[in-house]
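Rule-based calculations on the coordinates, nothing more; no lab input. If you're wondering where the values come from, they're calculated on a predicted model, not measured in any experiment. Every residue, glycine among them, receives a Cβ derived from its backbone with ideal geometry; neighbour counts consider all protein chains shown.
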Amino acid sequence: MYAQMVKTDTTKVRDLSEMSAQERAFQERIDRGEKIEPTDWMPDGYRKTLIRQIGQHAHSEIVGQLPEGNWITRAPTLERKAILLAKVQDEAGHGLYLYCAAETLGVSRDELIELLHAGKMKYSSIFNYPTLTWADIGAVGWLVDGAAIMNQVPLQRTSFGPYSRAMIRICKEESFHQRQGYDIMMKMAGGNEAQRRMAQDALDRFWYPSLMMFGPSDKESVHSAQSMAWKIKINTNDELRQKFVDQTVPQAQYLGLTVPDEHLKWNEDKGSYDFSEPDWNEFFEVLKGNGPCNRERMEARVKAWEDGEWVRDALMAHADKREASRTAAE
Ligand code: BYC
C-alpha cells in the first residue's frame, strides 16, 4: 500500500571534505547550532527529509484523532467528554501547525494530503490499532502521548526553525494530554475488579505498539544517520525507546499494573531496564497497510476530504470575489 516518497541513500553520511563549499557552509551552520530558516539555502536532501518527516508527523496528528474521536460520544461523564473533545481538537491544531511548517519548504498542504491518500506518505503506525474500551483512551494518553513527548521534546531543538517552533507549542499541549491519560488509568486501575482488568488489558495491547512508535531498531533505521548529522533528529530510535521504557515502567508499577514483558528487568550496570523488542514483522506489516485498522483509517480520511470539498470551494469563491472587488475599487 505504501510507497516511499523520498528514496535517497541516507545511511551514508558524507564527510565535510566530500562536500561542495555551499554544502560545507550549511553543515557548519548546523554544527554551530544555528537554526535554518525557509529562505536560507539548503541541500535538496535536507528539504526532502524535512518534508517527509514533518508531513508524516502532520498526518499522524490528523489520523491520530480517529481512535480517540471514537470515544467522544461514549465518554463516561460530561467532564471526561469535554476533556477528550479538547484533546482531539488540540491534535487537529498540531496537524495544522505542522502542515504550515511543511508549506514553508515549498510543498502545499493539498499536495501532502494527496500523497497520504494515494498511500505515498506514511503516518504513525500506532493509529492503526483500535480503541476497544474506555481504558484504551487512558492508555493512548499515557503511553501514546508519552511516547510522542519523549520523541518531540528533543525535536524542539531541531535545526529547522519553523519545525522547532511548532514543537515548543505542541509539547506543552502533549504534556496535558499525557496527564489526562494517566489520570484515566489511575481511576480505572484503582476502580473495581472489572475496571482494573480493563486497565491491564489496555496496557497489554498498547505496550508494544507504543514501543514501535520510535521507529525500527537503529540498525534498521535508514534515515537516522543523515537526519542526526543535519540535526533533524536529535536522538536515535533506540535511545528514545529506552528512555521511554525507563520512564514508563515505574508509572505502571504505581498503577499496580504489569508491563506485558517477562524479560523486563532492571539492569544495575547500565542503569536502565532490559526489555523485549516489539515484533518487528508486525511493525513492517502495519507499515505496508496490513494493520488492524489501516483501511478504515484511510477510508475515514478520504471521506472527510471529499465531504469537505464544498467548504474549500466556497472559501476559494469568497476569496476570489473579495479579490475581484478589491481590484475593481483600485
Ligand atoms: N510509523 O529510518 P527510520 C502523536 C518509517 S503523532 C510509521 O528510522 P526516521 C499523536 C519511516 O518513516 C506522533 N512509519 O525513519 C497524535 C521510514 O519510512 P520512509 C508522530 C514509521 O524518519 C494524535 C522507515 O520507517 N510523531 O504523537 O529517521 C494523538 C524507516 O525508519 C515509523 C512523529 O511523526 C512509525 N512508528 O525516524 C496522540 C515524530 N517509524 O519515510 C498522539 C517525528 C519509522 O522512508 N518523526 N517509520 O518511507 C520522527 O521522529 C521520525 O520520523 C521517526 C522515524 C522516529 C518516527
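Quick notes on this one:
- Remark: spin-label model distance His117-Trp310 equals 1.7 nm, labels positioned 7 Å along the Cα→Cβ axis.
- Shape category assigned to the chain from the gyration tensor of Cα positions, a/c cut at 1.5: oblate
- 22 Å Cα-Cα threshold exceeded, pairs from Lys219/Lys288; Lys12/Lys231; Lys172/Lys270: Lys172/Lys270
- Between Ser272 and Asn267, the built amide H atoms are under 5 Å apart, and every one of these is 5 or more places off in sequence or on another chain.
- Summary of packing: across the peptides 252-259, 45-52, the per-residue average of other C-beta atoms within 10 Å ranks them, highest first, as 45-52, 252-259.
- A Förster radius of 56 Å combined with the Cβ-Cβ distance from Asn281 to Ala329 puts the calculated FRET efficiency at roughly 0.30.
- Structural descriptor for segment 1-139: relative contact order 35 percent, calculated from alpha carbon pairs under 8 angstrom and at least 6 residues apart.
- Close amide H partners of Phe160, meaning residues 5 or more places away or on another chain with modelled amide H under 5 Å apart, are Ile36.
- Taking label positions 7 Å along the Cα-Cβ direction at both Glu173 and Cys100, the computed distance is 1.1 nm, reported to one decimal.
- Taking 0.36 nm per residue of separation and subtracting the Cα-Cα distance, full extension of the segment from Asp110 to Ala319 would add 73.5 nm.
- The chain: most fluctuating residue of Pro43, Pro154, Pro162 per GNM, C-alpha cutoff 10 Å: Pro43
- Cα centroid of segment 115-171 to Cα centroid of segment 250-321, whole Å: 8 Å
- Residue ranges 191-200, 18-27 sort as 191-200, 18-27 when ordered by packing (mean number of other C-beta atoms within 10 Å per residue, highest first).
- Our summary gives segment 84-218 a relative contact order of 30 percent, counting only alpha carbon pairs under 8 angstrom and 6 or more residues apart.
- Expected 222 nm ellipticity per residue - DSSP helices of 4 or more, -39500 (n - 2.57), all of the chain, to 500: -20000 deg cm²/dmol
- Cα gyration tensor shape of segment 234-330, rounded if a/c is under 1.5, else prolate or oblate by comparing a/b with b/c: prolate
- The chain: relative contact order as a whole-number percent, Cα under 8 Å and 6+ apart: 21 percent
- Thr77/Ser272 FRET efficiency (R0 30 Å; Cβ-Cβ; nearest 0.05): 0.20
- Per-residue packing, averaged as other Cβ atoms within 10 Å, sorts the ranges 179-188, 296-305 into the order 179-188, 296-305, beginning with the highest.
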